[in-house]
C-alpha cells in the first residue's frame, strides 16, 4: 500500500505538475493516472527510506546511490524493466519541470542509467485471423451492436487508429470526412489526417444508421448497449473473448489491429515516412520497428513454404 506525507509546498507542486501535464502538455487521462502513480511510488519509497515527511529540500538532495537503491528495490519486487524505465522517465520529467519553473534542481536523477530493455516487436494479426474475428463478431452479436463492433475493427485495422482515438471520435468528426480523408486527434492532442477506404466508411455508416440512440454533433459515436459512451474495457473484453473462442494468440488485442495496418502497408511497399504520419508516431524510430516485423514475417513465410523449411 502506497503511503507517504508531503509538506504543503511539495504537495502544491505535485498538484501543479499534474495540472501542467494535462492542460499544458495535453496528456491523456490514462497518462495522468500513470504519472500520479509513479510519483506516489517514488514519494512512498523515500518517505520510508528517510522516515520523515518529504519536502523540496529532501528531493533536491537525493543522491545517485539512493536513486539506484530505489531502482534496485523495484527490481527486487519483481517489477518489470519496462515499468522501472517508465517510472524513472516520469520522475525525470517531474524534475525537469521543477527545474524549469521553480528552480529546484537535482542532477543525480539524470546520472543514473535507464534500465536496458529487451526490444519487443509489434505483433500483427494474420489476415485469416482478421476474417475469423469478423465472422465470430457476427455470430456472437446481432443488430447494431454487431455493426458497432465491425465498425470498430474496421477503423483500428483499416486506418491504424489507437483504441482511444477510435472511441473518442465524435459525430462532428465523422461528418467532416472529405475525399475519403478525416482529421483525428491523437496523443498529446496532436492532429493528423487519415485515409478511409469506402468499405470502412460504409461499415461506420451502417452502424450509425442503426444505432438506437440520437446523437448530436459533439457526442461520441460509439455507444454501449445502454447508451453510455463505449469504454475501452468493453472493447478489450470483447476481443479477449473472441480470441479465446478462436484459440488465437494472446497478442491479439485491439492495439494489434493497428500493428497489422502498419505491417501490411510496409509489405505493400509503403514508405516509412508516410506510415509514420498515418500512425501519428512522433519519432520515425518507433515506425522503423515495423521493418523488423516485416523481415520476421518474410522469414516465417519462407520457412513455411521452403521444402527444406
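In this structure, is residue 280 in contact with a strand residue (DSSP E or B) (Cβ under 7 Å, 6 or more places away or on another chain) and at pLDDT below 85?
On the way: in contact with a strand residue (DSSP E or B) (Cβ under 7 Å, 6 or more places away or on another chain): yes; at pLDDT below 85: yes.
Yes; evaluated as a whole, the condition is true for this residue.
Out of (1) over 32 Å from the mean Cα position of the chain (by Cα); (2) within 19 Å of residue 101 (Cβ to Cβ); (3) assigned to a loop (DSSP other than H, G, I, E, B), the odd one out for residue 9 is which?
(3)
Could you say which residue among 177, 201, 150, 183 is closer than 26 Å to residue 263 by Cα and within 20 Å of the chain's Cα centre (by Cα)? Before you say what the answer is, go through the steps one by one.
On the way: 177 fails: within 20 Å of the chain's Cα centre (by Cα); 201 fails: within 20 Å of the chain's Cα centre (by Cα); 150 fails: within 20 Å of the chain's Cα centre (by Cα).
Answer to the check: 183.
Mind checking whether some residue in segment 52-67 is closer than 30 Å to residue 164 by Cβ, surrounded by 13 or more Cβ atoms within 10 Å (Cβ to Cβ) and touching a strand residue (DSSP E or B) at 6+ places or on another chain (Cβ under 8 Å)? Please lay out each step first, then the result.
To start, the set of residues in segment 52-67 that are closer than 30 Å to residue 164 by Cβ comprises none.
No: segment 52-67 contains no residue that is closer than 30 Å to residue 164 by Cβ, surrounded by 13 or more Cβ atoms within 10 Å (Cβ to Cβ) and touching a strand residue (DSSP E or B) at 6+ places or on another chain (Cβ under 8 Å).
Determine which member of the set 47, 17 is under 22 Å from residue 85 (Cα atoms), surrounded by 13 or more Cβ atoms within 10 Å (Cβ to Cβ) and in contact with a strand residue (DSSP E or B) (Cβ under 7 Å, 6 or more places away or on another chain). Please lay out each step first, then the result.
On the way: 17 fails: in contact with a strand residue (DSSP E or B) (Cβ under 7 Å, 6 or more places away or on another chain).
Of 47, 17, the one residue that is under 22 Å from residue 85 (Cα atoms), surrounded by 13 or more Cβ atoms within 10 Å (Cβ to Cβ) and in contact with a strand residue (DSSP E or B) (Cβ under 7 Å, 6 or more places away or on another chain) is 47.
Would you mention how many residues in segment 108-117 are assigned to a loop (DSSP other than H, G, I, E, B) and either surrounded by 11 or more Cβ atoms within 10 Å (Cβ to Cβ) or within 23 Å of the chain's Cα centre (by Cα) (or both)? Write out each step before concluding.
Kept after step one, since they are assigned to a loop (DSSP other than H, G, I, E, B), are these residues of segment 108-117: 112-117.
Those still in the list that are either surrounded by 11 or more Cβ atoms within 10 Å (Cβ to Cβ) or within 23 Å of the chain's Cα centre (by Cα) (or both) too: 112, 114-117.
So the answer is 5.
Using the structure shown, decide if residue 95 is more than 27 Å from residue 162 (Cα to Cα), crowded, with 17+ Cβ neighbours inside 10 Å and modelled with pLDDT of 80 or more. Lay out the reasoning, then the answer.
Details: more than 27 Å from residue 162 (Cα to Cα): yes; crowded, with 17+ Cβ neighbours inside 10 Å: yes; modelled with pLDDT of 80 or more: yes.
It is true that residue 95 is more than 27 Å from residue 162 (Cα to Cα), crowded, with 17+ Cβ neighbours inside 10 Å and modelled with pLDDT of 80 or more.
So that you can scan it fast, the table gives a plain yes or no per residue for (1) in contact with a helix residue (DSSP H, G or I) (Cβ under 9 Å, 6 or more places away or on another chain); (2) modelled with pLDDT under 90:
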site: 190; (1), (2): no, yes
site: 199; (1), (2): yes, no
site: 212; (1), (2): yes, no
site: 215; (1), (2): yes, no
site: 220; (1), (2): yes, no
site: 224; (1), (2): yes, no
site: 229; (1), (2): yes, no
site: 234; (1), (2): no, no
site: 241; (1), (2): yes, yes
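From the list 145, 136, which residue is under 17 Å from residue 238 (Cβ atoms), modelled with pLDDT under 85 and part of a helix (DSSP H, G or I)? Talk me through it step by step, then tell me what you get.
On the way: 145 fails: modelled with pLDDT under 85.
That would be 136, the only listed residue that is under 17 Å from residue 238 (Cβ atoms), modelled with pLDDT under 85 and part of a helix (DSSP H, G or I).
Suppose we filter 22, 58 for residues that are in the same structural domain as residue 97 (by TED's automatic domain parsing), closer than 30 Å to residue 191 by Cβ and without any contact (Cβ under 8 Å) to a residue 24 or more places away in the chain; which single one remains?
Numbers: 58 fails: closer than 30 Å to residue 191 by Cβ.
Within the list 22, 58, the selection yields 22.
Considering only residues that are farther than 26 Å from residue 208 by Cα and in contact with a helix residue (DSSP H, G or I) (Cβ under 6 Å, 6 or more places away or on another chain), look in segment 249-266 and name the one that is modelled with the highest pLDDT.
Among residues in segment 249-266 that are farther than 26 Å from residue 208 by Cα and in contact with a helix residue (DSSP H, G or I) (Cβ under 6 Å, 6 or more places away or on another chain), the one modelled with the highest pLDDT is 252.
The values are calculated or read from the model by the stated rules, or taken from the named source; none is laboratory data. Please read all numbers here as calculations on a predicted model, not as lab measurements. Positions of Cβ are generated from backbone atoms using ideal geometry, with glycine treated the same way; all protein chains shown enter the neighbour counts.
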